[in-house]
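Read the figures in this text as sums done on the coordinates, not as results from a lab. Computed from a prediction, not measured in an experiment: that's the story for all the values here. Note that each Cβ is placed from the backbone with ideal geometry, even for glycine, and that neighbours are counted across all protein chains shown.
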Amino acid sequence: MGRFQHLELGRASEPIEEAKEGIHDDAYFINQARGKFDEGEYEAALTAYSRALRYDPNILEAWAGQLRALIELGELEEAILWADKGLERLKDAADLLAAKAMALARQGDVEKSLGFSDAAVEQKSPSSFVWLARADVLMCAQRSGAKPCLQKCVEQTPNDWRTLADAGTLCLYHSDSPHAAVYLERAVKLYDRCAYVWFLLGQAQYLEGNRERAVASLRRALVLRPRFSEAEQALRKIGSPGVLSRIASLFLRK
């Protein structure tokens, strides 16, 4: 299991680590994990979701959150391993099937990923994440239908800035900066306090050739998080020769 073996569920006899303020419950760590994930701090989100599961090993959001964090970290084998562990406990959970499909797709296993994505979509009332993962699978497979899936993803929760940010992040991952900018701009209109979303928006805007707006977005990210090294690096590189490819390399991982 490599460096993520600590995700293994704690035994009942193991003490749960105390924070400075005292022992917290699963809801506390779920909330902490959401905040870390929002800000692109995926290692910290992973740890918080794992702690939540030590209180209650049947929290679907915590299982799905762990998998999404692993995928964002590029730990695809680990994501598949933990998806299987989660599905042993939460049989046919759509979000876990979708996350496994996403990890498989990014590994290049197109047919298997489509199978798990099909299974996720066929579950009752698929979530916005199921449709997001479906779009990712289709993009990885270079098949049509990704755009309608993203639309369904957003339609599930039209006023949720996180869903819009997820859609924008996915488009940026797949080098679709025009759609990334649209989704991310909608996200910051609904909620303008997340530095990481402003950072991603700056990337999309710069890739679209809109330098002034990109600079403004990156500066906004730094106002919200003063020591945001990725945003600082992006701002320093704007205006340097060959900046476009280097700015893209800060985020794109294909």
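The peptide list 84-91, 125-132, put in order of mean Cβ contacts within 10 Å with the highest first, becomes 125-132, 84-91.
So, in Å, what gap is there between the alpha-carbon centers of region 186-241 and region 100-174? So the separation of the two Cα centres works out to 25 Å. The order of the peptides 51-64, 198-211 by mean Cβ neighbours within 10 Å, most packed first, is 198-211, 51-64.
Each Lys or Arg adds one and each Asp or Glu takes one away; over the other residues whose Cβ falls under 10 Å from the Cβ of residue 65, this sums to +1. Of 147, 36, the sequence from fewest to most neighbouring Cβ atoms within 10 angstrom is 147, 36. Among the trypsin sites (Lys or Arg not before Pro) in region 141-210, those located in a DSSP loop and surrounded by at most 15 other Cβ atoms within 10 Å of their own Cβ are 143, 193. Between residue 159 and residue 193, the contour length at 0.36 nm per residue exceeds the Cα-Cα span by 10.7 nm. Measuring between alpha carbons in the structure, the pairs from 100/237; 85/124; 100/147; 147/189; 85/189 lying more than 27 angstrom apart are 100/237; 85/189. On the beta carbon distance between residue 223 and residue 111, with R0 = 35 Å, the FRET formula returns roughly 0.15.
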